[in-house]
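Here the structure is laid out as structure tokens; the discussion comes afterwards.
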Amino acid sequence: MSAGVEALRVPRQVSGARPVGKLFGIAAAAVAVTAFAIPALTGSYWTYVFTYFLVYAMIGLSLVLLTGYVGQISLMGATLVGLGAFTSAAVEVHWGWPFWAAALSAGLITLPFSLLIGFPALRLRGLYLAIATLAFAKLIEELVFKGWPWLTGGFSGMQVHRPHMLIPFESDARYFWLVLGVFCAVLAFTYNFSRSRVGRAMRATRENELAAQAMGINIVKYKMLAFFLSGVVAGLAGALQIHLSKAGSFEAYRFYLSFLIFVMVVIGGVRSMWGALLGGVFLILQTELLRGVEFLTRFTDIAFGVGLIWVVLSNPEGLAGYLRDQWAWVKEKPRWRALVAVAFVAFDIGTMWLLVHFGGQKGAG
Amino acid sequence: MSRSTSVALPAQPVAPAQAARSSEGDTNTTSLFECRGIDVSFGGLKALSDVSVRVDEGEIVGMIGPNGAGKTTLFNVISGFLVANSGKVLLDGRDLTGLLPYERARLGLGRTFQQALLYRDLSVLENLLIASHRHTRRGLFSNGLRLGAAAREEREALERARATMDVVDLTPYWEKKAGALSYGTLRMLELACMLVQAPRFVLLDEPASGIAQRETEALGPLLRRIREQMQTTILIIEHDIPMVSGLSDRMYAMDLGKVIAEGAPAQVLAHPEVVASYLGRPETVGLEESPKPARRRPAPRRTAGAPRGGGSPT
């Protein structure tokens, strides 16, 4: 056959060369609408909840970078988040650093810890690495969180103020914008690099270390890079979180939270950055929906359990993989597309309505 | 063969310096690749003893021998996955002996694995893009911010992958996961990855194993074309004797960790020791699929005491 004429031509926008301009426009519009719609249409409480969701999605992203991209299982997510949170609080409270410097230091403080766990992790895989990171998390919890009140404020915890950078970010709506901005920047960066040689080298390392090395990929470098990136994102999320709730003690960053984050991301889909978002959606939906009714509160853990079983049994790539497969199916039947889109929007609005009317504490309104 | 010969292989960033092949019979052909006095033992077991192999620029050299002869062990030493007890590995006059596998790959040493090791959960296209790794340079920040240089590099990698898919007829499968391909197509993808990687010197470990006869027949001409157009030099392990002897300029035969014969294919096949060790049992030739004990090195630590096949198939 001559030059594969009958073959499908590979679409231009595959992988690296997406029409970023168009996509960027849509994304920017969506973000702008969200930024104004959430505080305007819902009350202060739901703006707070949505900010909370963004923080958790970012924590989830830190795990996707490590577990999803290079395949290293970590159960120390909460510890890194806590380190970031307390570092940002401590440098503000004790040294009077501005918020941006505190947030930056929260990201950077994780680097030595990533290095410390990253190097032994080069020789460990799977369950063994999970146990090692768990032990490391417990160690930091005992030595640093409990043993260093300067950093964590001991049992009473640390109190901080929302930042004031040029304009005040004191109100929930303003702080929501700040978090949304940081979140979008991190997401865009991740989106870009994961579709480049760096992201591919990470996935190659996860898939097959031998083949990756034979193709000239320095697997040690990319594993360490993933550890560092994951730590920085977690630390940054920590700084955003403690400024969101304006207070925090080490009780909030116990290793139980690491399990929660891990399960959240697995349900969302650990291999894709969208999985972190979907995991965050899942977390918020189930806590806020079930929290509203006294009787249902006890089902929050069960929801996670059921989600986890669903992933393990039938959808290893979580909600992200499930939705992608469904979308591929829908794409082949153009007539369905409009219907699905309408259903999706209806579902969105319905859930929102359910949340606001029955979920959580009643929305301010 | 139905594969299109009119299509030129994609332009590759090959070092132009040594690209020109020295003409046949030239007395001072440069040895592109050489390994000298390689010794490997697992515990008290000698897997390789004093193995020396030399491949000239532009040659296709075959390597035959029964299972357990040490061929794959030698490949592991050359590509750096296994550390030899003694001996040197030289590529283009450069000593590779102390280098890690990925450093050797960067310097232009490619290899394929016996079981077509690729990234099964990734798409065909992504596999090919990964193979471009050594031709791209941009780091995390350049790519994360999608600076101009990084975007250009991405476009070039995509173009290379696209052109290569056309040449080996993989384009219809570009979206498929590598793990979902038939074995023959998977091996084709492996070769396509080699094309993208464009090494100066490539080690092929049984490229014809497990694929259909018709595909095997297509493989020879394809390998020749790779050599002509990519200026790649090839050392190939193969159990398909007719194919490898038809393809090779020279051959080596190994048995029990030693090189027992070297020279023109006909010469090697006629060598009494080769006949005794290998070709004397025609019923086993080409039927041996028994996996050899893993001797690769996932970490720098030496794997010791892996039992050798004992030279005879089980």
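When A:M158 is tested against (1) within 14 Å of another protein chain (Cβ to nearest Cβ); (2) modelled with pLDDT under 90, exactly one condition is not met: (1).
Among the residues making up segment B:164-201, those that are aliphatic (A, V, I, L, M), within 13 Å of B:V124 (Cα to Cα) and out of contact with any strand residue (DSSP E or B) (no Cβ under 8 Å at 6 or more places or on another chain) are B:M165, B:V168, B:L170, B:A180, B:L181, B:L186, B:M188, B:L189, B:L191, B:A192, B:V196.
Residue pairs whose Cβ atoms lie under 8 Å apart, separated by 6 or more positions or on different chains, with the first residue in segment A:167-195 and within 14 Å of chain B (Cβ to nearest Cβ) and the second outside any helix (DSSP H, G or I) and of a type in the set (S, T, Y), are A:S194/A:Y69. Considering only segment B:171-208, state which residues are within 11 Å of chain A (Cβ to nearest Cβ) and among the hydroxyl-bearing types (S, T, Y). Answer for segment B:171-208, where residues must be within 11 Å of chain A (Cβ to nearest Cβ) and among the hydroxyl-bearing types (S, T, Y): B:T171, B:Y173. Yes or no: B:L235 farther than 26 Å from B:M188 by Cβ and either buried (at least 19 other Cβ atoms within 10 Å of the Cβ) or touching a helix residue (DSSP H, G or I) at 6+ places or on another chain (Cβ under 9 Å) (or both)? So B:L235 does not fit the description; no. Could you list, in sequence order, all residues of segment B:115-125 that are more than 7 Å from every other protein chain (Cβ to nearest Cβ), buried (at least 18 other Cβ atoms within 10 Å of the Cβ) and part of a loop (DSSP other than H, G, I, E, B)? Result: B:A116, single match.
Please pick out the residue among B:L96, B:L91, B:L48 that is over 16 Å from B:F201 (Cα atoms) and assigned by TED's automatic domain parsing to the domain that holds B:L203.
B:L48
Among the residues making up segment A:97-116, those that are surrounded by fewer than 19 Cβ atoms within 10 Å (Cβ to Cβ) and more than 11 Å from A:G235 (Cα to Cα) are A:W97, A:P98, A:W100, A:A101, A:P112, A:L115, A:L116.
Checked against (1) out of contact with any Gly (no Cβ under 9 Å at 6 or more places or on another chain); (2) closer than 16 Å to A:G84 by Cβ, A:I261 passes all but condition (1). Answer with yes or no whether B:A69 is crowded, with 21+ Cβ neighbours inside 10 Å, part of a loop (DSSP other than H, G, I, E, B) and not acidic (D, E). Judged against the criteria, B:A69 is a match. Annotation note: of A:F176, A:F155, the sole residue that is crowded, with 18+ Cβ neighbours inside 10 Å and assigned to a helix (DSSP H, G or I) is A:F176.
If only residues of segment B:173-213 that are over 25 Å from B:E34 (Cβ atoms) and of a type in the set (D, E) are counted, the one that is modelled with the lowest pLDDT is B:E175. With respect to (1) in contact (Cβ under 8 Å) with a residue 60 or more places away in the chain; (2) surrounded by fewer than 22 Cβ atoms within 10 Å (Cβ to Cβ); (3) within 7 Å of chain A (Cβ to nearest Cβ); (4) out of contact with any Gly (no Cβ under 7 Å at 6 or more places or on another chain), the lone exception for B:A163 is condition (3). With respect to (1) within 30 Å of A:M158 (Cα to Cα); (2) of a type in the set (S, T, N, Q); (3) surrounded by fewer than 24 Cβ atoms within 10 Å (Cβ to Cβ), the lone exception for A:S314 is condition (1). In segment A:226-240 there is at least one residue that is out of contact with any strand residue (DSSP E or B) (no Cβ under 9 Å at 6 or more places or on another chain), surrounded by fewer than 24 Cβ atoms within 10 Å (Cβ to Cβ) and within 12 Å of chain B (Cβ to nearest Cβ). Set side by side, the residues A:L283, A:L278 differ, and just one is in contact (Cβ under 8 Å) with a residue 24 or more places away in the chain, out of contact with any His (no Cβ under 9 Å at 6 or more places or on another chain), surrounded by 18 or more Cβ atoms within 10 Å (Cβ to Cβ) and within 21 Å of A:G199 (Cβ to Cβ), which is A:L278.
What do you reckon, is A:A37 without any contact (Cβ under 8 Å) to a residue 12 or more places away in the chain and among the small types (G, A, S)? So A:A37 passes the test.
Any idea which of (1) assigned to a strand (DSSP E or B); (2) more than 22 Å from A:A214 (Cα to Cα) is the one B:L204 doesn't satisfy? Result: B:L204 fails condition (2) only. Consider segment B:127-156 and keep the residues that are hydrophobic (A, V, I, L, M, F, W, C) and surrounded by fewer than 20 Cβ atoms within 10 Å (Cβ to Cβ). The one that is nearest to the other protein chains (Cβ to nearest Cβ) is B:L140.
The values are calculated or read from the model by the stated rules, or taken from the named source; none is laboratory data. A quick note: this is a predicted structure, and the numbers were derived from the prediction, not measured. Cβ: placed from backbone, ideal geometry, glycine included. Neighbour counts: every protein chain shown.
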